[in-house]
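One structure below.
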2 protein chains.
Amino acid sequence: MSDLLQRLRGRGWRLTAQRRVVAEVLDGDHVHLTADEVHARAAARLPEISRATVYNTLGELVSIGEVIEVSTDGRAKRYDPNAHRPHQHLVCSRCGTIRDVHPSGDPLAHLPSSERFGFTVSEVEVTYRGLCPNCATA
Amino acid sequence: MSDLLQRLRGRGWRLTAQRRVVAEVLDGDHVHLTADEVHARAAARLPEISRATVYNTLGELVSIGEVIEVSTDGRAKRYDPNAHRPHQHLVCSRCGTIRDVHPSGDPLAHLPSSERFGFTVSEVEVTYRGLCPNCATA
DNA sequence: TCCTACACTAGACAGAGTCTAAGTCAAGAT
DNA sequence: ATCTTGACTTAGACTCTGTCTAGTGTAGGA
C-alpha cells in the first residue's frame, strides 16, 4: 500500500495522517467496507478523524481509480481497493458476504450491438447472488 | 396489468384502491421509476395515498417476484415491472437513462465453478454503462 | 522558520427508506 | 343488506447514509 501513497504524492496529494490511515484500513484482499466501517477502523488509530474526511478521501480514491465503489445491497456503498485487477462480485443473499471473482472472457462482449441502441458502452458490472456455504447448510 | 390484479387476489391480497393505483402506475415497458416517482404518479390519481403505502406495496410486489428492484446509481432504488422476461440494464453514465436489454445466452454460465467458492449461485445482475446517443454527441 | 493554500473538524442539513400508533375498510360471515 | 374483524392505510417521527459549510489546523515549499 506504500505504492499507493507514492502514487498519491505523485498526483500532488498532501500526505496527511488521515489519508494515510484511510489507505491503510483499505489494504488487503476481499476488503469491502462501508464508509462507516472505514471510519470506525480509522478512528481506532486516529480518534479525531471525522466522517467528512473519510467520505472525502474515499471519494478521491474512487475518482482517481484506486478504489471501486460497490453497492450490492442498495444500502451503504462499499469500497473495494482491488481496483487494478478487473473482477466481479459474488454476494450471499442471506448474510451479505462478498467475494471477488474473476471473469472468464470479457463480459462486455456478451452484449450484441443490436442490443446497444446506439450507446457507447464502456463498462459492465456483474453481481452474482446465491447462498454461501455457511448459509446454504443452515 | 389486470392479470397482475388477478394474481394478487389469488395470493389472498385485499384489492384496495391504493394497490390498484400502484400497479397501474408501474404498467408499461422500460418503466424504471423511483419510489418517490411512483408516489407522485399514484397521488395524481389518488391524492391521499401515503408514502408508506407505496413503499409497502412496492416491497410486496418485489417479494412475490412481480417487480424487480434496480439500483443503478447508488441513490434511490428503481422499480422495474418487466420481471417475467429476464433482462439486463444499459445505463447512460451522464443522464442516467435506463434501457432494458436482453442477454445472448445465460450469463450465469459465465462463472466457472472454480470461481464459485462453494456458493449456490442462483441469480446474476448485469449493468452495462456508457453514453447514450444524445449524451455522446453533446 | 514562516506562509498559505489545501486539508480537517464538528455539526447542521438533506434524501431515501422504515416504523409506529391510531384510524379505515374489503370481504367473508350472518 | 349489515356486521365484524383483521388486514390495510395514514401522518409523521425516526434512522441511516451521505453532503455541505464555516471555521481551524497543517504540509510542504520559499
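The values are calculated or read from the model by the stated rules, or taken from the named source; none is laboratory data. The shown structure was predicted, so the numbers you read here are calculated from the model rather than taken from an experiment. Cβ atoms come from the backbone with ideal geometry, glycine included; neighbour counts cover every protein chain shown. Accessible surface areas use protein heavy atoms only, side chains included; no ligands, DNA or RNA. Shrake-Rupley method; radii C 1.70, N 1.55, O 1.52, S 1.80 Å.
Here is the figure for the range B:94-134: residues that are more than 9 Å from every other protein chain (Cβ to nearest Cβ) and open to solvent by less than 50 Å² (accessible area, probe 1.4 Å) total 3. Residue count for the range A:56-72 satisfying the condition of being under 27 Å from residue B:125 (Cα atoms) and within 9 Å of DNA strand D (Cβ to nearest atom): 4. Across the range A:126-138, the number of residues qualifying as without any contact (Cβ under 8 Å) to a residue 24 or more places away in the chain and part of a strand (DSSP E or B) comes to 0. Taken together, the residues in the range A:72-91 that are facing another protein chain (nearest Cβ under 7 Å) and open to solvent by less than 40 Å² (accessible area, probe 1.4 Å) amount to 2. When B:108, B:15, B:26 are checked against the criterion of being of a type outside the set (Phe, Trp, Tyr) and within 11 Å of DNA strand D (Cβ to nearest atom), B:15 stands alone in meeting it. Of the residues making up the range A:1-15, those that are more than 13 Å from DNA strand C (Cβ to nearest atom) and in a loop (DSSP other than H, G, I, E, B) number 1.
Against the definition (part of a helix (DSSP H, G or I) and assigned by TED's automatic domain parsing to the domain that holds residue B:125), how does residue B:114 come out, yes or no? Steps first, please.
Numbers: part of a helix (DSSP H, G or I): yes; assigned by TED's automatic domain parsing to the domain that holds residue B:125: yes.
Spelling it out, residue B:114 is indeed part of a helix (DSSP H, G or I) and assigned by TED's automatic domain parsing to the domain that holds residue B:125.
Which residue is least open to solvent (accessible area, probe 1.4 Å), if the candidates are limited to the range A:46-70 and must be more than 11 Å from DNA strand C (Cβ to nearest atom) and not hydrophobic (A, V, I, L, M, F, W, C)? Per the criteria, the residue is A:66.
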